[in-house]
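Only one structure is covered here, and it is reproduced in the block below.
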Amino acid sequence: LHSGPDYILFPRIVAEISNNYDVEVFHFSLTQGFWRNSEWGIPPQPASPSGAQLFCSFRGIGSEFVHKVADKWNHFVNSLNGIFCTSLLEMVPLLTATPRHFPFAKNGSEDEFTLHHRYGALASETVCTENLTPWKKLLPCKETGLSEILSPEKLYSSNYHSLSIHFTRGCQDISKSCRNRTRLELGLDMVTDIDLRSHSLVNSCFRFTNRFIMFLHQSVISTGKLIVAIVNISPTEKKKYNSRQYYIYNIHEIPTHMFPFNLHSQYRRKLDLSQQKPSSLFSVHSFLGIADQHAGKIITSIENLQSLPQSATYFHVIPWFIQIYFHTVKFFCVSLSGRKGSESTVPKLLNFVPAKSRMKPFLLEYQLFLPAGAVCELSFEFDKAFLRVTDYPPDANRGMYVPAAMISFKAEEEIWQKNRSLCGIGGSRLVSVFSEVLLVSLPVPDFSMPFNVICFVSTAIAMLFGPIHSLTTKMLAAKLIPVDEADKDLVSKPLFTALILKLWNLVKVCIARLRDFKNRKKVA
C-alpha cells in the first residue's frame, strides 16, 4: 500500500512514527500461547515467539547517526507502547540487542545510507482486548468489515493466537526504483479446538451473524412473521493457487438494492478426524538441564527430518541475570536412521555480545549445519546473578522469563512444497521457528524480613518512647498544699521526707533512752 497524502487505506499513525524515527523495516508481534511446531508443523511466516517481539531497522547517514540510534529506538518503543497499550518499556535497555543476522533485516546499503538493527523481546507480555482494538483500527476497513466478525471471545479462548504488524519501506533488495513504495502487512494467526460433535469449523474463528437483520426495528414488524429473500450471488472469477481454490466477488457489479447482504460459506463435508497428521519435518524445543539455586544449563533441541541436510542460523537473546560461560557451548547431532554414534559438527560463530549488568542482554548468533534425519543439541551452562531487591518483579517467586531461541533457514524444496502457503513474505523461502520460553527460578530473598523488622522496631519504640519522653521533657517540682492541723498526720509525705522524719524520730528515741539511763545511774 502506498501511504499517500490522504491515508485512506494506509494507517496514518504508522506512517508518522516511521517517518519521524527513520524506520526502514519493523516487525511487531503480540502472541499468547506456544506454536507446537512438532505437532502443527511450520508456523505461519513471519513467525512470532510467546510474548512481545519487536525488530526495527533504522536508516541514517554518516557516523553521527550511530549515536542517535539508541535515542530513536527508545522513542519508537515508547510510541508503539502507547498505541497498543502494552508494557514494551521493560525491554529498553535490559532486553534490547543489536543483531547482525536476522530474518527481517535488510542486508546492504544504498548510496551513503546505512541500516542499524535493534531487537527486543518481552516473554512475560500478555495479550488482551486492549491490544486487539488498536490492531483492528489499523485495518483499511477500520471498525467495519472484517473487524465486525472478529470475535474476541473465540480469539482469547483459543490455544494459540498472535497479532503481528510487518512494515517495509521499499523493496527487499533496497533498489532505488521502489523507494516510494511502502508495504504494511497485518497478520492474525489462531489455533483453536473444533467441535468434536459436529466435526465442523463453522463459527470456530469468526462470529458470523446476519448483519441485515440488525437494521430492523420492532416498530417495522407488524406481524409475527418475517420474510427474508435469499439471493445467490455467483463469484465473478475463480482462481486456483497452491492446491487451493479462491472465489473473487466484484462488489461494483452487485446491484445497490441487494445491499446489505450476508456472505456465508458452508463446508461440503465434515472433517475426517481419523486421518493421521503427518509429522513435522522441522521442530525446535528449548528446556533447562541441570538447574539449582546457583547455576543451570540451557539446551536447545533441533530436529531435522528432511531427506537433505539443512543450514540454519541460531539466534538467542538472554537476559543479563543469566551469566553464560562461553567455553561451555556444545553442539552435536545424533542420527535417527539407526546409525550408531553421534555426528559432531562445529558451529560457526556469527556474533557474540556479552551482557552488562542492568544495561544489555547476552546475544548469541551461530551458523549451524543440521544433517538429514538427525536431532541436534546446542547447550551452554550459566550462573545466576545475585540480584538486588529492586531487580525482582512483583511475582518474584514465580521466576524470571528467558526469551525463546530462534532458528531461521532457507526452506528446501521438501518443506517449501508442503508449507508453501505459510512460508515467507512475498514468496520468500526464509523460514523462522521459535522454541519455548523458559522460566528460570532465581534465589529469592525473604521479602517479609523488612516488614518483620519494621514491626518489631516500631513496637519496641512505641513501648519505650512514652516513659523516656516523659522523663526527659517533664520537670520535677514541689507543690505546697495547705493542710489543717487535725489532718496533718493523715497527709502522705514524699519518700525522702518520710525517711528523714523516720530517722529523726529514731534519733529522738535514742536520746531519750540515754537520758533515762544516766538518771537511773545517778540515783543508784
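The values are calculated or read from the model by the stated rules, or taken from the named source; none is laboratory data. Not measured: the values here are computed from a predicted model. FYI the Cβ positions are ideal-geometry reconstructions off the backbone, even for glycines, and counts take in every protein chain you see.
Would you check which residues across the stretch 127-162 are in contact with a Lys or Arg (Cβ under 6 Å, 6 or more places away or on another chain) and part of a helix (DSSP H, G or I) and list them? Before you say what the answer is, go through the steps one by one.
Residues of the stretch 127-162 that are in contact with a Lys or Arg (Cβ under 6 Å, 6 or more places away or on another chain), as a first pass: 147, 149, 151.
Matches in the stretch 127-162: S147, I149.
Which residue, of F409, F362, is buried (at least 18 other Cβ atoms within 10 Å of the Cβ), at pLDDT below 90, closer than 21 Å to F102 by Cβ and among the aromatic types (F, W, Y)?
F409
Looking at V77, V69, which is the one that is over 21 Å from E365 (Cβ atoms) and either part of a helix (DSSP H, G or I) or under 17 Å from the mean Cα position of the chain (by Cα) (or both)?
Details: V69 fails: over 21 Å from E365 (Cβ atoms).
Answer to the selection: V77.
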Go through the stretch 49-95 and count every residue that is within 20 Å of L438 (Cα to Cα) and modelled with pLDDT of 90 or more. 6
Looking only at the stretch 1-38, and only at residues there that are modelled with pLDDT under 85 and under 24 Å from the mean Cα position of the chain (by Cα), the one that is farthest from S158 (Cα to Cα): S38
Could you check how many residues of the stretch 135-157 are under 20 Å from the mean Cα position of the chain (by Cα) and either on the phi > 0 side of the Ramachandran plot or crowded, with 17+ Cβ neighbours inside 10 Å (or both)? 2
Identity of the residue in the stretch 261-294, modelled with pLDDT of 85 or more and within 30 Å of S335 (Cα to Cα), that ends up farthest from the chain's Cα centre (by Cα): F282
Out of curiosity, is G427 at positive phi and either modelled with pLDDT of 80 or more or within 54 Å of the chain's Cα centre (by Cα) (or both)? yes
Search result, residues across the stretch 80-106 that are touching an Asp or Glu at 6+ places or on another chain (Cβ under 7 Å) and either free of Cβ contacts under 8 Å to residues at least 40 places away in the same chain or part of a strand (DSSP E or B) (or both): S87
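Given the residues E39, E64, which is the only one that is in contact (Cβ under 8 Å) with a residue 60 or more places away in the chain, loosely packed, with under 15 Cβ neighbours inside 10 Å and not in a strand (DSSP E or B)? Give the steps one after another, and end with the answer.
Working: E64 fails: in contact (Cβ under 8 Å) with a residue 60 or more places away in the chain.
Being in contact (Cβ under 8 Å) with a residue 60 or more places away in the chain, loosely packed, with under 15 Cβ neighbours inside 10 Å and not in a strand (DSSP E or B) holds for just one of E39, E64, which is E39.
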State whether the residues of the stretch 389-399 include one that is part of a strand (DSSP E or B) and closer than 24 Å to K356 by Cα. no
